[in-house]
1. For ILE57, what charge total do you get from the other residues with a beta carbon under 12 Å from its beta carbon, if Lys and Arg give +1 and Asp and Glu give -1?
2. If Lys and Arg each add +1 and Asp and Glu each add -1, what is the summed charge of the other residues whose beta carbon sits under 15 Å from the beta carbon of SER77?
3. Using R₀ = 41 Å, calculate the FRET efficiency as 1/(1 + (r/R₀)^6) where r is the Cβ-Cβ separation of LEU120 and ARG65; round to 0.05.
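Each reported figure results from applying straightforward, stated rules to the coordinates on display, with no laboratory input. Keep in mind that this is a model prediction, so the values were computed, not measured. Neighbour counts run over all protein chains shown; Cβ positions are idealised from the backbone, glycine included.
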Amino acid sequence: MEHQQHLALLGAIAQGDKKAFSALYQTTSKQLYAVSLKMLARKELAEEALQEAYVRIWHNASEYRVGKGTVLTWMISIVRYRALDILRYNKIRKEDELIEQYSVDQDTPEKTHDIEQLLLDKCLQKLDLQQRQAIYLAYFNGCSHQEVVKHLNNPLGTVKSWIRRGLTSLQSCLTS
């Protein structure tokens, strides 16, 4: 029943209904905030991702397709994309600071580790979005393949293929 209510609200939102948007926000914001907070671990960043996600939901309500998962799954994926964007943005800022710091200082084991982390981050950014998301979920968030399937709303074989191809690309990038 919840999916049908979300679907009806999303249809109204696609027509510009602000009351429907408010109702959808009231029924889903706690779940979406929890996803955002788990990924970002900082309240202000989680709130930023949530706000940006709801702006996207408002503007893209007509793009939801039945058969591609529930409305809530679609909304969670939007929050996840926003959170990943924020994570990437913050990593790039840190990366720039580290590069500036390393250009002056001598290498130490800690700095070598940080440089390796920078290389891994750069290689991750070169992956296809689906591969990167699957790898983040499986390896950084500790999700099982079944949990990744649920989050990405794709078949198990597809998810495993994304992870396998992504890891192969990562290995190639890291060794070149």
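1. Charge balance in the 12 Å sphere: 0.
2. So the surrounding residues net to +4.
3. 0.75
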